[in-house]
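> I'd like to ask some things about the structure below.
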Amino acid sequence: MKKVLLTSLLAFLFFTPSLFAQIVPDIPAGTAEDYYSRGNKYREQGNLDQAIYDYTKAIKVYSKHAKAYYNRANSYVKQGNLSQAIDDYNKAVEINPQYTEAHYNLGNTYEKQGNLPKAIESYTKALETNPKYSAAYCNRGNVYQTQGNFQQAIDDYNKAIELNPNFAGVYSNRGNVYQAQGQTDKAIADYNKAIELNPNFAGFYANRGSIYQNQGNLKLAINDYNRAIDRNPDESSLFYNRGLAYYGTEEYPKSLADYTTALNINPDKEAYDDFVEYFPQKRDSDTGNIRDEIAQMFEDKLGLTKKVAPPVAAAPADVISSVDVPPAETAPPVVPDVASVSPSQIEDNQTKTTSKEEVQIAVYKWLSSWRSGDMKTYRGSYDENFKSKNMKLDEWVAYKTNVRNRSKNINIDIDNLNISTDGDNAKVVFTQTYSSSILKDKGEKTLELKKVDNEWKILKEIM
């Protein structure tokens with residue numbers, strides 16, 4: 001499983017920079033405060049170059065203007081100039097050793113730079129100037145966690161929670177430490193509290209889902225990944241982890257769709273290694289050999305040589321934990337009376353089953369192409385004679401492309417698939433849940449498909 005624990009970091013409060021044409025003229029007989037105030041206005045507007053120019057003018061007029069150094073440093077951080085920012089934060093605390101926020105942001109910048117000892121030193125100085133600064137405890141705890149100093153991290157998180165009991169991110173961060181220590185019950189309790197305090201943050205669900213997945217509680221993991229994806233549909237690790245869980249629950253077309261989506265967002269070698277480690281061979285129930293199709297997608301995207309599974313390896317069995325999920329009851333296999341079933345009937349039944357599987361795979365490929373914005377694959381999911389809302393195929397694809405271009409945070413899920421086939425024709429009815437920045441909708445949808453050159457294509461779409 002692709003292990004991505006999302007840590008909440010309290011950092012800088014900044015504005016998004018924009019592009020501006022030129023520096024505005026100096027202020028006639030301007031004082032340091034005049035330039036400082038104007039620099040703040042430009043920084044708020046996102047004009048960082050002009051803001052930096054004005055802070056510099058303020059410093060030239062008055063060399064001990066600690067706030068001008070501080071805000072110029074903040075502007076440098078937004079531009080990615082971390083070394084210049086560090087110089088300015090250091091100058092600000094040299095002028096005013098009690099400048100808590102400057103110590104704090106200096107720690108944040110050292111952490112971004114990877115200088116963890118200096119980050120700890122700066123957070124500690126921020127706490128010396130203000131012992132009730134919960135954000136500094138949080139971020140120093142994050143650094144300790146990164147270093148593997150788990151007890152020190154927990155101590156800092158505990159202090160941050162003591163100072164601010166509604167600090168959702170700290171509960172999740174402490175949960176990450178507990179998870180790393182194998183204290184899964186404590187970790188889940190912390191993730192639960194984080195979700196209670198802030199139910200809209202995807203990372204909390206993702207972190208809890210990773211525990212359930214490691215425990216073998218795949219249904220619970222999938223539920224959490226669903227919630228995380230609803231809140232952050234652009235995070236590839238969520239689709240990788242849910243795809244792995246779907247393969248474990250033998251929901252193979254859904255697994256294929258998630259891996260397709262994830263690979264279109266961000267091809268990831270670690271996710272490939274996880275998949276072939278967990279499932280070195282296809283499962284017996286994977287009659288469509290989705291396992292090899294997923295592996296091939298990885299290899300094509302990443303330019304990898306095909307991994308050959310050891311001949312004695314077997315896919316790990318799902319572990320059903322006693323936590324919340326009872327073992328599923330397995331129905332005994334139905335053994336027909338051989339004398340009453342003719343070979344032609346057996347062949348017909350096998351054909352229908354295979355057709356339904358093929359249709360299901362085609363539908364999930366269509367779904368994943370829309371999720372990821374792969375409009376070439378999306379168009380290829382339709383028959384050339386497709387028509388919907390009085391639009392032919394090219395018009396339909398142009399319309400849907402425009403919808404995608406105008407939308408953000410697109411997420412689409414389908415449930416309750418009902419597939420019927422009749423020769424080279426098929427009908428799929430399902431519940432579709434769609435959300436984006438411009439539309440939220442849930443309802444029944446019908447796809448009519450036709451088999452063309454051994455591929456199922458969508459002929460008609462009804463909502």
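> Calculate the length of the line joining the C-alpha centroid of the range 372-431 to that of the range 119-146, in whole Å.
51 Å
> What is the magnitude of the charge dipole of the range 365-462 about its Cα centre, with +1 placed on the Cβ of each Lys and Arg, -1 on the Cβ of each Asp and Glu, and no other charges, expressed in debye to the nearest 20?
Its charge dipole is roughly 440 debye.
> Quick one: if the Förster radius is 41 Å, what FRET efficiency do Q183 and T124 give, using the C-beta to C-beta distance and rounding to 0.05?
0.95
> Calculate the radius of gyration of the Cα atoms of the range 394-433 to one decimal place, then report Dmax, the largest Cα-Cα distance, as a whole number, both in Å.
Calculated on Cα positions, Rg and Dmax stand at 14.4, 39 Å.
> How high is the FRET efficiency between D284 and K132 when r is their beta carbon distance and R₀ equals 51 Å, given to the nearest 0.05?
0.25
> A further question on this structure: For every other residue with a beta carbon closer than 14 angstrom to the beta carbon of Q45, add +1 if it is Lys or Arg and -1 if Asp or Glu, then tell me the sum.
Value of the local net charge: +1.
> Something else: Which residues does the label zone of K356 cover in the range 397-423, counting backbone N under 13 Å from a point 7 Å along Cα→Cβ?
Correct set: 417-422.
> If you don't mind, another one. Treat each spin label as a single point 7 Å out from the Cα along the C-beta direction, and report the I412 to V429 distance in nm.
Taking the simple label geometry, I412 and V429 are separated by 2.1 nm.
> I've got another one for you. Using θ = phi - 60° and the Karplus curve 6.51 cos²θ - 1.76 cosθ + 1.60, what whole-Hz ³J(HN,Hα) does each residue of the range 105-112 get, with Gly and Pro shown as x?
5, 5, x, 4, 6, 4, 5, 4
> Work out how much length N402 to N81 would gain on full extension: take 0.36 nm times their residue separation and subtract the Cα-Cα distance, in nm to one decimal.
Taking 0.36 nm per residue and subtracting the Cα distance, the gain is 111.9 nm.
> Can you tell me the length gained on complete extension of the stretch Q98 to E461, counting 0.36 nm per residue apart and subtracting the Cα distance?
Result for the pair: 124.1 nm of gain on full extension.
> Past 23 Å, Cα to Cα: identify those pairs from K112/K269; K269/K440; K389/K457; K301/K445, in the order given.
Checking Cα-Cα distances, K112/K269; K269/K440; K301/K445 exceed 23 Å.
> Report the extension gain between K389 and D422 in nm, rounded to one decimal, defined as 0.36 nm multiplied by the number of residues separating them, less their alpha carbon distance.
9.4 nm
Every number here is computed from the coordinates shown, using simple stated rules; none is lab data. This structure is a prediction, so every number in the text was calculated from the model and none was measured. Glycine gets a Cβ as well: all are built from the backbone with ideal geometry, and neighbour counts include every protein chain shown.
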